[in-house]
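Participant: One structure, pasted below without further comment.
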Amino acid sequence: MKAVILAAGEGSRMRPLTCTRPKVMLPIANKPILEHLLIEAIAAGISEFILVVGYHDEAVLDYFGDGSKWKVQIDYVKQRRQLGTADALAMVAELIEGNFLMMNGDMIIGRRDIAEMAVKKDTSLAVVEVSDTRGLGVVEVNRGRAVRIYEKEENPPSRLANAGLYLLTPEIFKAISRTEKSPRGEYELTDSLMLMMEAGHGIACHTISQWLDISYPWDLLTANETLMSDLKAQNSGEVEENVVVKGPVAIGKNTVVRSGSYIIGPAIIGENCDIGPNCYIRPCTAIGDNCHIGNAVGVKNCIVMKKSNLPHHNYAGDSVIGEGCNFGAGTKIANLRLDKKVVWVEGIDTGRRKLGAIIGDMVETGINASINVGSMIGNYTLIGPGAVASGVISPESRIF
């Protein structure tokens, strides 16, 4: 059986992090979202994949290649214009024979659930019960079969979310050929499935247990916390004397952890990093390759992407820091409101009482710069010495 993974979209709700990469390539626990999903599908017994790529497709192709690193076969189809999930799936019709799995590349589903879907004989849709349906497709179910699929409605009649995993038969391509554009201007797979239901074709619903939905940038932190809970300790680098390591910590090749550093796992440090001396890395922190976390720096529950530097007297908590960032000495990120209330970003309730900043690529700060709770900072922004950055900041801004 083949698996088709949709990986063509930008993920506009993830900006600024997706300005230079597709959503599926955002890192969680130092691996792209798409790699986590691929690993789970391989563990479920899938060895042939078709990736539908589009936005910044070079990032996906360069990273995954032909799949030989994972001992699987990966083929690619390019969706030049992102016209919806049904349009993306239509492009693989000639590469498919028989039943196949289809999954959205921007979520993570466990291997057991994928394996259970793979043995279905007829069109099936995976659902998961959620407490908050905002921004999700919701499925109305009767006696184990889908009755209707609602897309991002305010008061849906169900709390069963469409998990983005399907077992499809070749009949889906006939339905896609009859699918019209949705009000959002896209050809949507859920509309194709509705056409099948209206024609009397039953679509079974299968409830799954392990599902990570990543809709907004702060969801990366929640997913990071979840995936790192099973981390195994590993040291492929150099740890100097007088370093304290507690709990599971994975240290990559050619990384040096210098004297006086204190690390509490779960934590991941990539390859070719320079850590310390005298820094404090706290749980659920993932530091990418070629990073520098220097003297008197505290990092807690963060994703720090590759080639970023927090070299002197910095603090970052509950934040996502893009690639190639450089913090001046004394730069701090606040992660807790003074009134201790939940943080809102652009009118959206993040559900997090602690949230620092979402920082795009190549952001630089001067000495003693401050970044306020819940800030979103665009790529290539410069924050001057002693300046305070707060709120949503456009790319290439200058704050002095």
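The values are calculated or read from the model by the stated rules, or taken from the named source; none is laboratory data. All values reported here derive from a predicted model rather than from experimental measurement. Here the Cβ is made from the backbone with ideal geometry for all residues, glycine too, and neighbour counts use every protein chain on show.
Participant: Inspect the range 68-82 for any residue being closer than 20 Å to Ser215 by Cβ and aromatic (Phe, Trp, Tyr) and give the result as yes or no. Write out each step before concluding.
Facilitator: Here is the first cut: in the range 68-82, the residues closer than 20 Å to Ser215 by Cβ are 82.
Right, trim to aromatic (Phe, Trp, Tyr) and you get none.
So far as the range 68-82 goes, no, none of its residues is closer than 20 Å to Ser215 by Cβ and aromatic (Phe, Trp, Tyr).
Participant: Of all residues in the range 298-320 being surrounded by 24 or more Cβ atoms within 10 Å (Cβ to Cβ) and over 20 Å from Pro217 (Cα atoms), which is nearest to the chain's Cα centre (by Cα)?
Facilitator: Leu310
Participant: Examine the range 352-368 for a residue that is in contact (Cβ under 8 Å) with a residue 60 or more places away in the chain, more than 18 Å from Arg15 (Cβ to Cβ) and not assigned by TED's automatic domain parsing to the domain that holds Pro16, and state whether such a residue exists.
Facilitator: There is at least one residue in the range 352-368 that is in contact (Cβ under 8 Å) with a residue 60 or more places away in the chain, more than 18 Å from Arg15 (Cβ to Cβ) and not assigned by TED's automatic domain parsing to the domain that holds Pro16.
Participant: Among the residues of the range 225-253, how many are over 20 Å from Gly164 (Cα atoms), polar (S, T, N, Q) and touching a strand residue (DSSP E or B) at 6+ places or on another chain (Cβ under 7 Å)? Even if it seems obvious, please write down each step before you answer.
Facilitator: Let us first name the residues in the range 225-253 that are over 20 Å from Gly164 (Cα atoms), namely 225, 228-253.
Among the residues that remain, those that are also polar (S, T, N, Q) are: 229, 234-236, 242.
If we keep only those that are touching a strand residue (DSSP E or B) at 6+ places or on another chain (Cβ under 7 Å) as well, we get 234-236.
Final tally of qualifying residues: 3.
Participant: All but one of (1) closer than 27 Å to Ile287 by Cα; (2) touching a strand residue (DSSP E or B) at 6+ places or on another chain (Cβ under 6 Å); (3) acidic (Asp, Glu) hold for Glu35; which doesn't?
Facilitator: For Glu35, the failing item is (2).
Participant: While we're looking at this one, here's another question. Say we look at the range 158-184 and pick out the residues that are under 25 Å from the mean Cα position of the chain (by Cα) and small (Gly, Ala, Ser); which of these is farthest from Leu26 (Cα to Cα)?
Facilitator: Ala161
Participant: Do you know which residues across the range 376-393 are within 22 Å of the chain's Cα centre (by Cα) and free of Cβ contacts under 8 Å to residues at least 24 places away in the same chain? Please lay out each step first, then the result.
Facilitator: At the first step, the residues of the range 376-393 found to be within 22 Å of the chain's Cα centre (by Cα) are 376-380, 392-393.
Tyr380, Ile393 - these are the residues of the range 376-393 that are within 22 Å of the chain's Cα centre (by Cα) and free of Cβ contacts under 8 Å to residues at least 24 places away in the same chain.
Participant: Can you tell which of Glu129, Glu97, Glu48, Glu40 is touching a Lys or Arg at 6+ places or on another chain (Cβ under 7 Å), acidic (Asp, Glu) and at pLDDT below 90? I'd like the intermediate steps shown before the answer.
Facilitator: On the way: Glu97 fails: touching a Lys or Arg at 6+ places or on another chain (Cβ under 7 Å); Glu48 fails: at pLDDT below 90; Glu40 fails: at pLDDT below 90.
None of the others qualify; the one that does is Glu129.
Participant: Among the residues that make up the range 277-298, is at least one of them of a type in the set (D, E, K, R), more than 22 Å from Gly378 (Cα to Cα) and touching a strand residue (DSSP E or B) at 6+ places or on another chain (Cβ under 8 Å)? Steps first, answer last, please.
Facilitator: Start the filter on the range 277-298 by keeping residues that are of a type in the set (D, E, K, R), which leaves 282, 289.
Adding the requirement that they be more than 22 Å from Gly378 (Cα to Cα) leaves 282.
Now restrict to residues that are touching a strand residue (DSSP E or B) at 6+ places or on another chain (Cβ under 8 Å): 282.
For the range 277-298, residues of a type in the set (D, E, K, R), more than 22 Å from Gly378 (Cα to Cα) and touching a strand residue (DSSP E or B) at 6+ places or on another chain (Cβ under 8 Å): present.
Participant: Just to be sure, is Arg184 basic (Lys, Arg), within 27 Å of Ser131 (Cβ to Cβ) and not assigned by TED's automatic domain parsing to the domain that holds Lys354?
Facilitator: Values: basic (Lys, Arg): yes; within 27 Å of Ser131 (Cβ to Cβ): yes; not assigned by TED's automatic domain parsing to the domain that holds Lys354: yes.
Yes; evaluated as a whole, the condition is true for this residue.
Participant: List every residue pair whose Cβ atoms sit under 8 Å apart, with the two residues 6 or more apart in sequence or on different chains, where the first one lies in the range 326-337 and is assigned by TED's automatic domain parsing to the domain that holds Asn295 and the second, anywhere, is surrounded by fewer than 18 Cβ atoms within 10 Å (Cβ to Cβ) and aliphatic (A, V, I, L, M).
Facilitator: That search, which allows pairs on different chains as well, returns Gly328/Ile367; Ala329/Ile367; Gly330/Ile367; Thr331/Ile367.
Participant: Also, I was wondering about something else. Any chance the range 81-91 includes a residue that's in contact with a strand residue (DSSP E or B) (Cβ under 8 Å, 6 or more places away or on another chain), farther than 30 Å from Lys174 by Cα, among the small types (Gly, Ala, Ser) and touching a residue at least 40 places away in the same chain (Cβ under 8 Å)?
Facilitator: In the first step, residues of the range 81-91 are kept if they are in contact with a strand residue (DSSP E or B) (Cβ under 8 Å, 6 or more places away or on another chain); the result is 85, 88-89, 91.
Going one step further and asking which of them are farther than 30 Å from Lys174 by Cα, we end up with none.
The answer is no; no qualifying residue exists.
Participant: Also, quick follow-up: Would you check which residues across the range 243-274 are within 18 Å of Ser319 (Cβ to Cβ), in contact (Cβ under 8 Å) with a residue 24 or more places away in the chain and over 21 Å from the mean Cα position of the chain (by Cα) and list them?
Facilitator: Once the filter is applied, which keeps residues that are within 18 Å of Ser319 (Cβ to Cβ), in contact (Cβ under 8 Å) with a residue 24 or more places away in the chain and over 21 Å from the mean Cα position of the chain (by Cα), the range 243-274 yields only Cys273.
Participant: Restricting the search to the range 351-371, which residues are assigned to a loop (DSSP other than H, G, I, E, B) and either in contact with a Gly (Cβ under 9 Å, 6 or more places away or on another chain) or of a type in the set (D, E, K, R) (or both)?
Facilitator: Of all residues in the range 351-371, those assigned to a loop (DSSP other than H, G, I, E, B) come to 351-353, 355-356, 360-363, 366-369.
Residues satisfying the conditions are Arg352, Arg353, Leu355, Gly356, Gly360, Asp361, Met362, Val363, Gly366, Ile367, Asn368, Ala369.
Participant: Then there's this: How about the range 30-40: which of its residues are buried (at least 23 other Cβ atoms within 10 Å of the Cβ) and of a type in the set (A, V, I, L, M, F, W, C)? Before you say what the answer is, go through the steps one by one.
Facilitator: The first filter runs over the range 30-40 and keeps only residues buried (at least 23 other Cβ atoms within 10 Å of the Cβ), leaving 30, 33-34, 37-38.
Within the range 30-40, Ile33, Leu34, Leu37, Leu38 meet the criteria.
Participant: What are the pairs, 6+ residues apart or on separate chains, where a residue within the range 31-47 that is over 14 Å from Ile74 (Cβ atoms) has its Cβ under 8 Å from a residue that is of a type in the set (Lys, Arg)?
Facilitator: Sorted first by the residue in the range 31-47, then by its partner, the pairs are Ile33/Lys23; Glu40/Arg111; Ala43/Arg111; Ala44/Arg111; Ala44/Arg112.
Participant: Still on this structure, please answer the following. Pick from the range 215-243 the residues that are among the hydrophobic types (A, V, I, L, M, F, W, C) and part of a loop (DSSP other than H, G, I, E, B): which of them is surrounded by the most Cβ atoms within 10 Å (Cβ to Cβ)?
Facilitator: At the first step, the residues of the range 215-243 found to be among the hydrophobic types (A, V, I, L, M, F, W, C) are 218, 220-221, 223, 227-228, 231, 233, 239, 243.
Filter once more, so that each one left must be part of a loop (DSSP other than H, G, I, E, B): 218, 231, 233, 243.
Values: Trp218: 21, Leu231: 18, Ala233: 13, Val243: 17.
Filtering first and then ranking leaves Trp218.
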